[in-house]
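The numbers here are math on the coordinates, done by the rules we state, and not lab data. As the structure is a computational prediction, the values presented were derived from the model and not from experiment. Cβ coordinates were reconstructed from backbone atoms using ideal geometry, including for glycine residues, and neighbour counts include every protein chain displayed.
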Amino acid sequence: MNRESNKRIYVAGHRGLVGAAIVRALHKRDHANIVTRTHAELELTDQAQVRAFFESQSIDEVYLAAARVGGIHANNTYPAEFIYDNLMIQANIIHEAWRAGVRKLLFLGSSCIYPRMAQQPIREEYLMTGPLEATNEPYAIAKIAGIKMCESYRRQYGADFRSVMPTNLYGPGDNYHPENSHVIPALIRRFHEAKLNGADKVIIWGTGTPRREFLYVDDMANACLHVMELERTLYEANTTATLSHINVGTGEDVTIREIAELIGKVVGYRGKIEFDASKPDGTPRKLMDSAKLARLGWRPEISLHAGLGETYRQFQENVAES
């Protein structure tokens, strides 16, 4: 085998929502030499451990999907952990990957890096043009730092380090914690339990009016591989030295009320849906402009309804109590 077909690919965060989907996508493309480490095997916030890992593994490519993530409640409750853990994970992996001569690295950010009141749809150049959403500012700042670190190693050392900014993701393997999960898994769990318990209503945080864009995680994984496999000259022709990230989204959004009603139907819940306006809404709208990625040849394939159906099926098989 030549080096390209047998390249060693490290997926950081392979047990997470996106990391697991990237591993699935790599396997579908017959990449057999995939390197993973659990949290118990490799503490990514420990620079010495990360350095020893890269020095011993001869890694060719890195997908940096490891991160501390969560919804509004988690971000509000653990801001110090969100900024510290994410800064340390990113700094250690990016620096040690460069130090070990890794050929390519893809950093995964988040749409929360953009200003709270950014013009819609959000284009890549809106980064750092206004204040962030207060509820997840520490996480957003960490992700911005990751983008800028990749840019800096690219500018100073010529490293082929790239960044993608996904919209809100959902799908198999999501975190269904009753307090710390994102909107779709939180609603799936809540509606499922309400159906089992015969509850006459489900109360949801906020007014239901904010609009959100949702991308099925396997679509996101395919987008990551697409961006990583672009010729470097093509990637750099569509980015700049200080604006090097690419948005990944569907180009369509729905209100929280609409997504709640759709999830209720998918789950089979027949009670009422009410909204608690005393709770925070978060950013009013987050719709990504993914025209750049579309011009580079990638578009999503899985509809929101189909994605929710598969997600709920996986939830019933792997998460819900029998």
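Brief remarks follow.
- Taking every C-alpha pair closer than 8 Å and separated by at least 6 residues, the mean separation divided by the residue count of the chain gives a relative contact order of 20 percent.
- Euclidean distance of C-alpha centroids, region 153-176 and region 1-50, integer Å: 14 Å
- Cut-off 15 Å, label 7 Å out along Cα→Cβ of residue 231, residues of region 265-300 by amide N: 296-297
- The count of lysine pairs in the chain that are at least 8 places apart or cross chains, and whose C-alpha atoms lie under 14 Å apart, stands at 5.
- Cα gyration tensor shape of region 4-101, rounded if a/c is under 1.5, else prolate or oblate by comparing a/b with b/c: oblate
- Binning the C-alpha pair distances of region 44-103 at 10 Å intervals from 0 yields a P(r) profile of 22, 46, 21, 10 %, listed from the shortest bin outward.
- Expected 222 nm ellipticity per residue - DSSP helices of 4 or more, -39500 (n - 2.57), all of the chain, to 500: -13500 deg cm²/dmol
- Taking amide H positions as modeled 1.01 Å from N, with prolines and chain starts lacking one, the residues under 5 Å from residue 122 and 5 or more places away or on another chain are 287, 288, 289.
- When both bridge partners sit in the chain, DSSP labels roughly 10% of those beta bridges antiparallel.
- Kirkwood hydrodynamic radius of region 83-183, from inverse mean 1/r over distinct Cα pairs, in Å: 14.9 Å
- Computed across the chain, the Kirkwood radius stands at 20.2 Å (inverse of mean 1/r, all Cα pairs).
- For region 234-244, 3J(HN,Hα) per residue [Karplus equation, 6.51 cos²θ - 1.76 cosθ + 1.60, θ = phi - 60°, Hz, x = Gly/Pro]: 6, 4, 6, 5, 9, 9, 10, 4, 10, 8, 10
- Computed log10 I(q)/I(0) for region 232-322 at 0.24 Å⁻¹: -1.25, from the Debye equation with unit scatterers placed on every C-alpha and solvent omitted.
- Amide H contacts of residue 202 (H built 1.01 Å from N, under 5 Å, at least 5 apart or other chain): 272, 273, 274
- Globularity ratio of region 86-131, using Cα Rg and 2.2 N^0.38 Å: 1.52
- Compared with the dominant principal axis of the Cα atoms in the chain, helix 79-99 is inclined by about 30°.
- Net length available on complete extension from residue 52 to residue 34 is 4.7 nm, with 0.36 nm assigned per residue and the Cα-Cα distance removed.
- Shape of region 267-320, Cα gyration tensor, a/c cut at 1.5: oblate
- Table column - 3J(HN,Hα) (Hz), region 56-69, Karplus curve with 6.51, -1.76, 1.60, x for Gly and Pro: 9, 10, 6, 6, 8, 9, 10, 9, 8, 9, 6, 5, 8, 10
- When region 11-162 is reduced to its Cα atoms, the Kirkwood hydrodynamic radius in Å: 16.2 Å
- Prolate/oblate/rounded label for region 113-155 (Cα gyration tensor, a/c 1.5): oblate
- Residue 248 long-range amide H proximity, modeled H, under 5 Å: 165, 167
- Neighbour net charge for residue 260 - beta-carbon separation under 15 angstrom, K R +1, D E -1: +4
- From phi via Karplus (6.51, -1.76, 1.60), per-residue ³J(HN,Hα) for region 124-136 in Hz, x at Gly/Pro: 4, 6, 7, 4, 6, 10, x, x, 7, 5, 4, 5, 10
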